[in-house]
Amino acid sequence: MIEFILNGNLVSTNSDATTRLLDVLRNEFNLTGTKEGCGEGECGACSVLIDGDLVTSCITAIGSIKGKTVVTIEGFRETEQYKVLEKAFAKAGAVQCGFCTPGMILAAHALLSKKSRPTYEDIREAISGNLCRCTGYNMIVDAIMIASKEGKGLW
Amino acid sequence: MKDISISVKKKDHEIKTSGRAIYVADMKFEGMFYAKVIRSTIAKGKIKEISLPNIPDNYYIIDAKDIPGKNALKIVESEQPIFSEGNIEYMGEAIMMIVGPDKRKIEELSEKIKITYEEEEPVFTIEEAYEKLVSYHYEKGDYKKAFQNADEILEETFITGYQEQAYIEPQGVIGIYENNKITIYGSMQCPYYVKEAVMLTMGMDDKHVQVIQNVTGGGFGGKEDYPSMIGCQVAVAAKKVKRPVALILDRKEDMLVTPKRHPARLKYRVALNNKKEITAIEADIRTNAGAYLGLSGVVLQRALIAAIGVYKIENLYVSGAAMKTNTVPNGAYRGFGAPQTFFAIEMLMNHIGEKLGLNPLEFKKKYIAKKGDTTATNGKYHYHVPLDEMIDKAEKISGYSKKYKKYSKPQTGRYRRGIGMSLFLHGCGFTGSAERDYIKSIAKLVKNEDDTVEIFVSNTDMGQGLHTTFSKIVANTLGIPLEKVYINNPDTDKVPNSGPTVASRSIMIVGKLLERAAKKMKEQWKPHEPLTIIEHYKHIDLIPWDIEKFQGDAYPAYSYGLNVVEVEVDMLLATTKLLGVWGIFDVGKAIDKNIIMGQLQGGMLQGIGYASMEKMENKNGQIYQANMTDYMIPTAKDTIPFNIELIDNPYEGGPFGAKGAGELPLVGVAPAYVAAVENAINKNITEIPLTPEKLMEKL
């Protein structure tokens, strides 16, 4: 049995330690906001936060997160930071098909948690592991910049 | 009423951002089975023998024998089997499917299936190919005489590569069979295409097939025809096993077997008179269709119609063929044949201009078509062509001509700069009279007692914002708040067939139907009384399109674009850095500024990828770059802020003056990018993608 903190709650799974975290989240906990885009850690659609760091859950074995803290979009959407990001993404028109969006939002939060007033270059670097085919990224970059300005004190 | 272009929060913004949106892979049904397709491992031949392991209880093999109707995929023609009956035409062709409750067990079983083949000699490339799946040609004026009288004849051949749509959500469907009725859920652009295909394969009538679109994670053309294939496969399985059956492709399988942009070879000949003016052009365009016709014929039509780009040339001979090869069938990708041709014609015009010692733009200006001019196919530019003002605007914001002159002087050193410009257009809607003859769109508006209004159409939102733009058209026409207008993902049991979500047609054609329906609703509006308005497509009579002769108005209207790209080339490493990217577009009227900007920004970056880094090869029948590591699409670090401006040029045939915008931004980036690199290195380039390896060969 593997125990970990998921979106603030202590949970456990009996899955084999080699099972992908992505599958545990989606199948056992029905947290389908975490998406599978490529299955090899390239696209970032499956991004979650593990102890605050952005991680691709499709190449993370559940055994490796024993005792750690996992936050998915379902947990993060309850926060004040999410509200700021959600508004900023709307204002900048940063959401199209939406498949990369939960991962992008978490990538933005991971960046802003470490650097609350990032440069444009910082933002591009921070989301460079999250592929988006719809937007061309610039409107997402703008959204994160707006959030960094609007979210004073939250990060 | 506020200007419709002012951006609003998208209707689906919150569900998508919060992770609540349900994509097909997020759906679960009681007792649902999973499916895996067993595919051919050879490119051409016959199946000799299939040896199956013991299939445990609750696991099933589904193959051609299980198909109740016709073993044929309905697209344009129905030439492609759903499951092979012994003949193999490409590597990855579906032979059978294993269905059961546990994915790992399915994998295990699939590895034990042994198939032996009698191999035949395959062909892979346009050069090797000998069979034309479809061909067209047309002429204008007296091209023969023009070539006979030519002072000089120039020839150039252009090569363009594959491009993978690379939507971030892989393709997937779920099929359910209950009470002699099939229901298909899935990620798709065209629910009625899937429905018609399933009806044919299942031998079922209209009332017994239902298709429901899930939230769709990007399409770009890639989800135009292939959802019909997997929709039929799960329909057959669901009927046999009497359980819901899910087929969700993983990335590798998606990249190996779904249709891509056609690789193409475009040969041009140009006749110049003694004043060094173009008197005639001859073009031959060959595309690699893959193993089956699919959409290749209609893609080829668009490629041929675009043969002379935005220019007016009096004498023409244009021919083209979609060549059969034993490779994965190619299909629709944003631009639909036009990006290949615009790369060729724009580079050709640049090269001729430069050969004559001119700034390519100055050379092109003499040939730009104007309102009233005839098109390549003897149709007419019925409306204002705003390219002149677009050029003026581009000069102002990008400094193109000044920079071109500066960079054209001999450059030395490791880093050299260049700038390129392209001019292009995109015909909006289906080619010719297909809207009138085949699609016959119907849209429905329903007013409820509480004075909310619901939109019923079959067009899908796959990220391009259609739910929001359609709702804005209806709300603004009725003069009611946007919150009072609803739209859901289409369910063919509920929505009329307003046609597929393709060809830059949704806003211009279906949006117009909704505008007309809303006007009627407004006239008949009585508070708190229900009201339904059904609106049918009305054809705008232009010069009739004759597909046999390839003559007439190919499209009712065109959207126009201009791109400028400025680059710095590292002569040592053969890498390029973007210094500036500009786009000037005429999409009639923007229904929502943010949504249009999203389309333009996203489309342009796909164009930069197409031009510079997205390399896909077919080696011995197999797609070589079949994952996101090997097939690289641009990341946030590969791009820079784009400078985009819109030209106001409302079109009377579109709602609020809007024309098509979805495909346009991808059409012209590649020639602007490559022209910029040429300008920096002072060498001609005729092939894309221009990867660092290719560029290194040039340096």
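Among what's in the stretch A:1-37 and is of a type in the set (A, V, I, L, M) and out of contact with any Asp or Glu (no Cβ under 8 Å at 6 or more places or on another chain), pick the residue that is farthest from the other protein chains (Cβ to nearest Cβ).
Per the criteria, the residue is A:Met1.
Considering B:Gly583, B:Gly603, B:Gly657, which residue is closer than 26 Å to B:Ile397 by Cβ and under 17 Å from the mean Cα position of the chain (by Cα)?
On the way: B:Gly583 fails: under 17 Å from the mean Cα position of the chain (by Cα); B:Gly657 fails: under 17 Å from the mean Cα position of the chain (by Cα).
So the residue among B:Gly583, B:Gly603, B:Gly657 that is closer than 26 Å to B:Ile397 by Cβ and under 17 Å from the mean Cα position of the chain (by Cα) is B:Gly603.
Listed by first and then second residue, the pairs with beta-carbon distance under 8 Å, at least 6 apart or on different chains, first residue in the stretch B:44-63 and in the same structural domain as B:Lys105 (by TED's automatic domain parsing) and among the charged types (D, E, K, R), second surrounded by 14 or more Cβ atoms within 10 Å (Cβ to Cβ) and in a strand (DSSP E or B), are B:Lys44/B:Ile88; B:Lys46/B:Ile88; B:Lys46/B:Tyr117; B:Lys48/B:Tyr117; B:Glu49/B:Ile115; B:Asp63/B:Ile95; B:Asp63/B:Met96; B:Asp63/B:Met97.
Mind counting the residues in the stretch B:464-492 that are outside any helix (DSSP H, G or I) and either within 14 Å of another protein chain (Cβ to nearest Cβ) or buried (at least 17 other Cβ atoms within 10 Å of the Cβ) (or both)?
The first filter runs over the stretch B:464-492 and keeps only residues outside any helix (DSSP H, G or I), leaving B:464-465, B:479-481, B:485-492.
Subset that is either within 14 Å of another protein chain (Cβ to nearest Cβ) or buried (at least 17 other Cβ atoms within 10 Å of the Cβ) (or both): B:464-465, B:480, B:485, B:487, B:489-490, B:492.
Qualifying residue count, the stretch B:464-492: 8.
Of all the residues in the stretch B:145-164, those that are assigned to a helix (DSSP H, G or I) and in contact (Cβ under 8 Å) with a residue 24 or more places away in the chain number 3.
The single condition among (1) part of a loop (DSSP other than H, G, I, E, B); (2) free of Cβ contacts under 8 Å to residues at least 24 places away in the same chain; (3) under 30 Å from B:Leu466 (Cα atoms) that A:Arg26 does not meet is (1).
Against the list (1) within 8 Å of chain B (Cβ to nearest Cβ); (2) outside any helix (DSSP H, G or I); (3) crowded, with 17+ Cβ neighbours inside 10 Å, the condition A:Glu40 fails is (3).
In the stretch B:171-188, what residues are surrounded by fewer than 24 Cβ atoms within 10 Å (Cβ to Cβ) and touching a helix residue (DSSP H, G or I) at 6+ places or on another chain (Cβ under 8 Å)?
Filtering the stretch B:171-188 down to residues surrounded by fewer than 24 Cβ atoms within 10 Å (Cβ to Cβ) leaves B:176-181, B:183.
Correct list: B:Ile176, B:Tyr177, B:Asn180, B:Lys181.
Listed by position, the helices (runs of 4 or more DSSP H) enclosed by the stretch B:165-280 that each have at least 1 residues that are more than 17 Å from B:Met32 (Cβ to Cβ) and within 14 Å of chain A (Cβ to nearest Cβ) are B:251-257. So for the stretch B:621-630 (the condition being surrounded by fewer than 23 Cβ atoms within 10 Å (Cβ to Cβ), farther than 15 Å from B:Lys260 by Cβ and within 8 Å of chain A (Cβ to nearest Cβ)), does at least one residue qualify? Within the stretch B:621-630, one or more residues are surrounded by fewer than 23 Cβ atoms within 10 Å (Cβ to Cβ), farther than 15 Å from B:Lys260 by Cβ and within 8 Å of chain A (Cβ to nearest Cβ). Filtering the stretch B:23-31 for residues that are at negative phi, more than 14 Å from chain A (Cβ to nearest Cβ) and either loosely packed, with under 15 Cβ neighbours inside 10 Å or within 28 Å of the chain's Cα centre (by Cα) (or both) leaves a non-empty set. Would you be able to say whether some residue in the stretch B:75-82 is assigned to a strand (DSSP E or B) and either within 32 Å of the chain's Cα centre (by Cα) or outside the structural domain of B:Lys324 (by TED's automatic domain parsing) (or both)? Yes, the stretch B:75-82 contains at least one residue that is assigned to a strand (DSSP E or B) and either within 32 Å of the chain's Cα centre (by Cα) or outside the structural domain of B:Lys324 (by TED's automatic domain parsing) (or both). Within the stretch A:43-55, take every residue that is more than 7 Å from chain B (Cβ to nearest Cβ) and in a loop (DSSP other than H, G, I, E, B) and give me the one that is nearest to B:Met32 (Cα to Cα). If we take residues in the stretch A:43-55 being more than 7 Å from chain B (Cβ to nearest Cβ) and in a loop (DSSP other than H, G, I, E, B), then A:Cys46 is nearest to B:Met32 (Cα to Cα). Where helices (runs of 4 or more DSSP H) sit wholly within the stretch A:90-155, those with at least 2 residues that are at pLDDT 95 or above, farther than 24 Å from B:Val581 by Cβ and facing another protein chain (nearest Cβ under 7 Å) occupy A:101-114. Residues that are of a type in the set (Gly, Ala, Ser) and under 21 Å from B:Glu663 (Cβ atoms) within the stretch B:291-326 comprise B:Gly294, B:Ser296, B:Gly297, B:Ala303, B:Ala306, B:Ala307, B:Gly309, B:Gly320, B:Ala322, listed in sequence order. May I ask you to verify whether B:Met96 is within 14 Å of chain A (Cβ to nearest Cβ) and more than 27 Å from the chain's Cα centre (by Cα)? Criteria not met by B:Met96.
Which residue, of B:Ile115, B:Ile106, is under 22 Å from B:Ser40 (Cα atoms), touching a Ser or Thr at 6+ places or on another chain (Cβ under 8 Å) and not assigned by TED's automatic domain parsing to the domain that holds B:Gly290? Of B:Ile115, B:Ile106, the one residue that is under 22 Å from B:Ser40 (Cα atoms), touching a Ser or Thr at 6+ places or on another chain (Cβ under 8 Å) and not assigned by TED's automatic domain parsing to the domain that holds B:Gly290 is B:Ile115. Do the conditions hold for A:Thr79, that is, is it within 12 Å of chain B (Cβ to nearest Cβ) and farther than 21 Å from B:His467 by Cβ? Judged against the criteria, A:Thr79 is a match.
The values are calculated or read from the model by the stated rules, or taken from the named source; none is laboratory data. Source: prediction; values computed, not measured. Every residue, glycine among them, receives a Cβ derived from its backbone with ideal geometry; neighbour counts consider all protein chains shown.
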